Amino acid sequence: MIKLLPQEVIRKIAAGEVVESPGSVVRELLENSIDAKSRNIDIHIRNSGLELIEVKDDGTGMEKSDLELATKRYATSKIESLEDLQKDFTLGFRGEALYSIAQVSKLVIISGNGKEAWKASYKGEEIISLEPYSTFKGTIVRVEDLFYNFPVRREFTEANLRKAKKELNDIINNFLVAFPHIGFRIKWDDKKSEIYPVKEIELERYMSIFGEDFVREMKDFIVEEDEIKIYGFFKKPQYLSTRKRGIERVFVNRRRVNLDFVRIAIRSAFAQENVIPEFLVFMELPPYFFDFNVHPQKKEVKIYNEKRLFSLLYHAVRKALMEERIVLSDIKKDENAKKMPDEDHGADVPDKLEERGEYGGLFELRDEARQLEFGEVLPFDDKGKEKEIPYYVPEKLFQIHNSYIIAEVETGIIIVDQHAAHERIIYEKLKKKKSGTKRLLFPVAVELNREELDVFEEYRAILESMGFEFRSLGGKTIVIDGIPSVFDAMDKDIFKGLLNDLQSDLNLPDKHQYTLKTIACKAAIKAGQKLSREEMAALLDELFACDVPFFCPHGRPLIYKISLLELEKKFGRT
């Protein structure tokens, strides 16, 4: 029942592990060109790689004797002993690349060292012809009729040409990103070549790949410790989309890999569960930190100290986010409009604001210090009384469409969604239990239907923990005696609306978290609500005192910055 497989079948199975698609071939050939110290690489692909894959470089090249061994299994120029596997290879080691490619294609290699050149044709691992060629320095590898003798793989690739093309694009782009100091010329079928010249400044290469907005929308970070260097870019919070994934690329010693802990570290630094960060991360690690040889295509890498790298990356991104926060909150102040927090302070507040109570209930200041500027807290003395410190209104502050606040900052302007910003402020107060209970002078009686009563009973304990006080009048009627102080007021319609929002998510595992977000949304000022200059200033002050001033609790961006440079470009000044 058990038989030894023929060698031809064994070779094809082994080759299939390394060469699973046209993209696998391109990746292996580009790695060889880069390890040969090439300065320029040309890539020509026809029919998504099935008809032709040709990679030409100006690297060190090979001699005649090298070509005779190139397709032998485990033939390599990279190692001589087992100990050499611990070396810091540019792109790792897998001694089956050319051998495997030769098993599933018609392979031709032309290579020269500058003095002489040779052309070799192969069938499997056997060389079938070797002849002199015009002298040049470098190597040309021509792979034709991929999978011609592997019909199942060939048919599968033909049926998925669009997918194969996308994979090829992704793989080539990874090399473009990782090696800006190498020039690339890429030709698809018989179309005009795409040219990516050598770039000594990496950002210029990234802009050519990801677009000119890369520099504007991405924030850089870097951390170095001992032999470890981690650096890269993440998309600034104001430019993130909650609806789709964008750039998510990680490179270890210039090789693109999948590392889940990188994504987790960056999301943790953003501290917002509904946000999908975009990032480009490079890690430069000593060879004892990783092992690439755990996957046939080297798509994965084994890291031996993830916790340390996680911590370094988390703190580097967190620090960069705080820098971005300072830039956004660097609002110009108008010293002529300063207010002193004394007994007559309320007299200077417009009637509309005064009617709402202490800052109109818009911002609860009884239990905590109010933020004047980022990092500057309005202090209290030993008796809990506010000290005499000036309060500065921003110099240029506007509300448009009664929904958005525009403020001038040192390097441009910021636009803030007033509802989303207030949601964030309330959410963090509730989460930190910095919002008490406001007892109602006139309690609110609410008669509930059966569904509303079920929701109320399900959420009553959570609602009470956040500042509500209830009484039952019997039947389906309840009385609201107290509300969280983040609310301006309460009536039966507002409360029923809250229950209705909670009803749609009765089966959520984290009801407490969802209730926080729902109350924050219900209590926040609304789009279309007119605010005084002082109210807008107070809103911005409290926003930049938040732990996460970039997103509303649901993950939507709430602030957008337009730099002076962007404005100057729009008006043709640069």
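Descriptive notes on the structure:
- Among the numbered conditions (1) at pLDDT 85 or above; (2) part of a strand (DSSP E or B), the only one that Val393 does not meet is (1).
The rows are residues; the columns are (1) surrounded by 14 or more Cβ atoms within 10 Å (Cβ to Cβ); (2) polar (S, T, N, Q); (3) touching a residue at least 60 places away in the same chain (Cβ under 8 Å).
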{"position": "Arg450", "(1), (2), (3)": "no, no, no"}
{"position": "Ile462", "(1), (2), (3)": "yes, no, no"}
{"position": "Gly474", "(1), (2), (3)": "no, no, no"}
{"position": "Phe487", "(1), (2), (3)": "yes, no, yes"}
{"position": "Phe495", "(1), (2), (3)": "yes, no, no"}
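- Residue check for Leu543: closer than 16 Å to Ile405 by Cβ, touching a Cys at 6+ places or on another chain (Cβ under 7 Å) and either aliphatic (A, V, I, L, M) or assigned by TED's automatic domain parsing to the domain that holds Val275 (or both): no
One line per residue, one yes/no per condition, for (1) surrounded by fewer than 22 Cβ atoms within 10 Å (Cβ to Cβ); (2) modelled with pLDDT of 95 or more; (3) small (Gly, Ala, Ser):
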site	(1), (2), (3)
Ala97	no, no, yes
Gln103	no, no, no
Lys119	yes, yes, no
Glu125	yes, no, no
Ile128	yes, no, no
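- For first residues located in region 33-60 and in contact (Cβ under 8 Å) with a residue 40 or more places away in the chain and farther than 14 Å from Phe136 by Cα, partners that are among the small types (Gly, Ala, Ser) and not in a strand (DSSP E or B) and lie 6+ apart or on another chain with Cβ distances below 7 Å form the pairs Ser33/Gly59; Ala36/Gly59; Ile41/Ser33; Ser48/Ala164; Gly49/Ala164; Val55/Ser33.
- Test: residue in region 36-43 that is over 23 Å from Glu167 (Cα atoms), modelled with pLDDT of 95 or more and not hydroxyl-bearing (Ser, Thr, Tyr): yes
- For Arg255: the one exception among (1) under 30 Å from Leu29 (Cβ atoms); (2) without any contact (Cβ under 8 Å) to a residue 24 or more places away in the chain: (2)
- Glu469 vs. criteria in the same structural domain as Lys570 (by TED's automatic domain parsing), in contact with a strand residue (DSSP E or B) (Cβ under 8 Å, 6 or more places away or on another chain), without any contact (Cβ under 8 Å) to a residue 60 or more places away in the chain and not hydroxyl-bearing (Ser, Thr, Tyr): yes
- Among (1) surrounded by 15 or more Cβ atoms within 10 Å (Cβ to Cβ); (2) within 13 Å of the chain's Cα centre (by Cα); (3) under 30 Å from Asn305 (Cα atoms), the one test that Gln238 misses: (3)
- Against the criterion of being touching a residue at least 12 places away in the same chain (Cβ under 8 Å), part of a strand (DSSP E or B), touching a strand residue (DSSP E or B) at 6+ places or on another chain (Cβ under 8 Å) and within 16 Å of Leu29 (Cα to Cα), Ile186 qualifies.
- The residue pairs whose first member lies in region 195-219 and is surrounded by fewer than 15 Cβ atoms within 10 Å (Cβ to Cβ), whose second member is in a loop (DSSP other than H, G, I, E, B) and β-branched (Val, Ile, Thr), and whose beta carbons are closer than 8 Å, counting only pairs six or more residues apart or on different chains, are Val198/Ile182.
Yes/no matrix, rows are residues, columns are (1) at pLDDT below 90; (2) in the same structural domain as Tyr239 (by TED's automatic domain parsing); (3) not polar (S, T, N, Q):
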site: Lys526; (1), (2), (3): no, no, yes
site: Gln529; (1), (2), (3): no, no, no
site: Phe550; (1), (2), (3): no, no, yes
site: His554; (1), (2), (3): yes, no, yes
site: Leu558; (1), (2), (3): no, no, yes
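- Residue within region 264-286 that is in a loop (DSSP other than H, G, I, E, B), closer than 15 Å to Phe221 by Cβ and without any contact (Cβ under 8 Å) to a residue 40 or more places away in the chain present: no
The values are calculated or read from the model by the stated rules, or taken from the named source; none is laboratory data. A quick note: this is a predicted structure, and the numbers were derived from the prediction, not measured. FYI the Cβ positions are ideal-geometry reconstructions off the backbone, even for glycines, and counts take in every protein chain you see.
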